[in-house]
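Down below is the structure, laid out as structure tokens.
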Amino acid sequence: MLSSFIDSLLLVLGFPCLEDAPAGPAGAFAEYAVALADTVAKREGLSAEQLVGLPLAGLTSYQALFTGAGRDFTGAELGKVAAGHKLLVLGGAAATGAIAIQLAKAAGAHVTTTASPNKMPDGTSKIDYMKKLGADEVINYKEKDWSEALAGKDYDQIYDCVGDAEDWKKAAKVLKKGGLFVSIANFGDAKSTDSHTFKNFLLKSNSEDLSKMVQMVKEGKLNIPVDSIVPFADVPSVLTKSMGWASAGKLVVKVSE
């Protein structure tokens, strides 16, 4: 039930909504939370377990590819992926990468991604998983250097979900003149060149972008990658798994029934 507005905040008590909860020194695991009114989206009849992995990874990728409410650190717009564009997703098996592949394909773009042959929780190789999500081409980064494999292919945008500063240097071989490199990592020393643009950013929580993706999930156009769903008592082991980069998709903690 939606109880009231208090100083532009929405107090949510059992209301079936979805929100990108901010994490801080005190953590982000709680049974109840207060959210800004313009950051909440209705779940549209979908389960919490089905959607809880969407806000952070989903908003990050949506804004990196289409801008939406997102902006880079200077206030400028981000990606403008559209039908016919060529997109390279670095780190397709990350939750951000997996969602980006699906969003870009739904927009009509040609999508290439990088992945390893390591196994997903269900035993599927990450390379096969990328193809299942719709990637047109998957480069096994353990066997090939993506910048050499795609040199001269004139990609419109590279979306970096890995965070290796060297990748920006390699991008010049792959991006077209005027191409864009958007990273979720904060490379403080990376600078745009005369030929290519580099952008760092942090997502902006908002209802409009989130609601669009919830609708895509409802229509079966977007699958949220979930590694596992665990009880609240298992939070320490989940954090260990996350910090060890051992997950394939979102790690969901079920705080209460």
- Task: Could you state the orientation-averaged shadow area of the convex hull built on the Cα atoms of the stretch 103-191, in nm² to one decimal?
- Result: 6.4
- Hey, with R₀ at 35 Å, roughly what FRET efficiency would residue 243 and residue 197 work out to, going by the Cβ-Cβ distance, to 0.05? 0.65
- Query: Taking springs between alpha-carbon atoms closer than 10 angstrom, which of 63, 50, 102 fluctuates most in the Gaussian network model of the chain?
  - Reply: 50
- Item | Candidate lysines - alpha carbon under 17 Å from residue 221, same-chain residues fewer than 8 apart omitted | 105, 131, 132, 212
- Which order results if 96, 197, 114, 74 are arranged by neighbouring Cβ count within 10 Å, fewest first? 74, 197, 96, 114
- Item | Contact order relative to length of the stretch 70-127, as percent, for alpha carbon pairs under 8 angstrom and 6 or more apart | 30
- Report the net charge of residues surrounding residue 29, where surrounding means a beta-carbon distance below 12 angstrom and charges are Lys +1, Arg +1, Asp -1, Glu -1. -1
- Query: When DSSP beta bridges are limited to those with both residues in the stretch 79-200, what percentage is antiparallel, rounded to the nearest 5?
  - Reply: 5
- Query: How much mean residue ellipticity at 222 nm does the chain get from its helices, if each DSSP H run of length 4 or more adds -39500 (n - 2.57) and you divide by all residues, to the nearest 500 deg cm²/dmol?
  - Reply: -7000 deg cm²/dmol
- Message: Relative contact order for the chain: what percent, with Cα pairs under 8 Å and sequence separation of 6 or more?
- Response: 20
- Message: Over the stretch 79-200, what is the relative contact order in percent, taking alpha-carbon pairs closer than 8 angstrom and at least six residues apart?
- Response: 22
- Sorted by Cβ density within 10 Å, fewest first, the residues 139, 101: 139, 101
- Note on the structure: Taking Rh as the Kirkwood radius computed over alpha-carbon pairs of the stretch 182-237 and applying Stokes-Einstein at 37 °C with viscosity 0.692 mPa s, one gets a diffusion coefficient in µm² s⁻¹ of 213
- Mean-position separation - Cα centroids, the stretch 179-257 and the stretch 151-176, in angstrom: 20
- Message: I need 216, 243, 130 ordered by Cβ neighbour count within 10 Å, fewest first.
- Response: 243, 216, 130
- Order the peptides 40-49, 79-88 from the highest to the lowest mean number of other Cβ atoms within 10 Å of their residues. 79-88, 40-49
- Task: Kindly write out, for the stretch 187-199 in residue order, the coupling ³J(HN,Hα) from the Karplus curve 6.51 cos²θ - 1.76 cosθ + 1.60 (θ = phi - 60°), rounded to whole Hz, with x marking Gly and Pro.
- Result: 7, x, 9, 6, 10, 5, 10, 5, 9, 9, 9, 10, 9
- Positive minus negative residues near residue 130 (Lys, Arg vs Asp, Glu; Cβ under 15 Å): +2
- Task: Would you compute, for the Cα atoms of the chain, the largest minus smallest coordinate along each principal axis and list the three values in descending order, in whole Å?
- Result: 56, 41, 36
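Here, each number is a calculation from the coordinates, and none is a lab measurement. In this text, all values refer to a predicted model and were calculated from it rather than measured experimentally. Using ideal geometry, Cβ is built from the backbone for each residue, glycine included, and neighbour counts are taken over all protein chains shown.
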